[in-house]
Amino acid sequence: MKARHEGVLSMKILAIEFSSDHRSVAVLDGDNLLAEKTITEGRNTAAVQLIEETLTAAGTGRTDIECIAVGIGPGSYTGIRAAIALTQGWQLATDVKVRAVDSLEALALGLQNEGERGVITFAVDAARGEFYLTKFELKESGMENLEPTRLAKRDEFEALLESGQPVIGPSLAGKYPAVTEQFPSAEFVGRLAAKRAEFISASELEPVYLREVDFVKAPPLRVIPPV
């Protein structure tokens with residue numbers, strides 16, 4: 001593969017971003033966007049159809065794809081798991097390369113590309129009265145992650161809004177009008193992937209999930225004496 005320009009490899013990338021209700025698929029050649037399609041049907045997304053329509057719009061076949069970039073959240077666990085399952089099946093069939101991309105980093109890059117500047121907190125509803133928060137500084141020269149993604153309680157999140165600091169994220173404005181509604185897109189998942197050299201096995205893909213996994217051990221099977 002030849003370098004398109006410094007830091008970007010020229011390769012056909014299929015990018016999948018299903019972490020919010022605005023689910024999107026994009027096809028890129030390096031950092032050149034060939035096609036992108038977005039639908040807002042959330043968990044009712046016909047994922048395979050969306051991918052096929054985007055490939056067709058890009059004039060690209062399945063066998064042309066060299067890398068799949070997956071937005072791994074934080075966000076809709078169901079949507080992200082669907083994207084991961086599609087990617088795992090694709091890699092089993094074709095041995096395509098895979099890259100994982102943080103969905104909030106992709107959202108930040110999209111806003112930086114649109115001309116947004118300054119220190120911004122990005123937020124996603126994590127349910128159970130908690131929120132995923134991360135902070136980026138968007139600059140002319142790029143962007144810097146000032147605070148890694150973490151979980152915050154509702155009180156902290158509401159205090160952040162009351163402080164007047166800019167907060168951006170998906171599907172929050174209805175309940176919290178101070179939040180600017182924006183959704184991560186597959187285009188910028190793909191653009192981030194195009195700048196990275198590392199690949200992973202699709203079996204290693206996991207959604208961003210910062211809580212400890214809770215489970216209850218099942219009781220032993222009861223021994224029922226014969227009648």
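Filtering Leu92, Leu86, Leu138, Leu133 for residues that are over 17 Å from Arg191 (Cβ atoms) and either part of a strand (DSSP E or B) or without any contact (Cβ under 8 Å) to a residue 60 or more places away in the chain (or both) leaves a single hit, Leu133.
In summary, Thr38 fulfils each of the numbered conditions (1) closer than 30 Å to Ala152 by Cβ; (2) surrounded by 20 or more Cβ atoms within 10 Å (Cβ to Cβ); (3) touching a strand residue (DSSP E or B) at 6+ places or on another chain (Cβ under 6 Å) with the single exception of condition (2). With respect to the conditions (1) in a strand (DSSP E or B); (2) modelled with pLDDT of 95 or more, Thr56 lacks only one, and its number is (1). All but one of (1) of a type in the set (A, V, I, L, M, F, W, C); (2) more than 24 Å from Glu198 (Cα to Cα); (3) touching an Asp or Glu at 6+ places or on another chain (Cβ under 8 Å) hold for Ile72; state the number of the condition that does not hold. The single condition Ile72 does not satisfy is (2).
Per-residue answers, yes or no, for (1) of a type in the set (S, T, N, Q); (2) outside the structural domain of Leu109 (by TED's automatic domain parsing); (3) modelled with pLDDT under 95:
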residue: Phe136; (1), (2), (3): no, no, no
residue: Glu147; (1), (2), (3): no, no, no
residue: Arg150; (1), (2), (3): no, no, no
residue: Pro166; (1), (2), (3): no, no, no
residue: Arg191; (1), (2), (3): no, yes, no
residue: Ala194; (1), (2), (3): no, yes, no
residue: Val213; (1), (2), (3): no, yes, yes
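For the stretch 179-203, the candidate set comprises residues that are of a type in the set (Val, Ile, Thr) and under 30 Å from Arg154 (Cα atoms); within that set, the residue that is surrounded by the fewest Cβ atoms within 10 Å (Cβ to Cβ) is Thr180.
The values are calculated or read from the model by the stated rules, or taken from the named source; none is laboratory data. These numbers come from a predicted model, not from an experiment. A quick note on method: Cβ atoms are made from the backbone with ideal geometry, for glycine too, and the neighbour counts reach across all protein chains shown.
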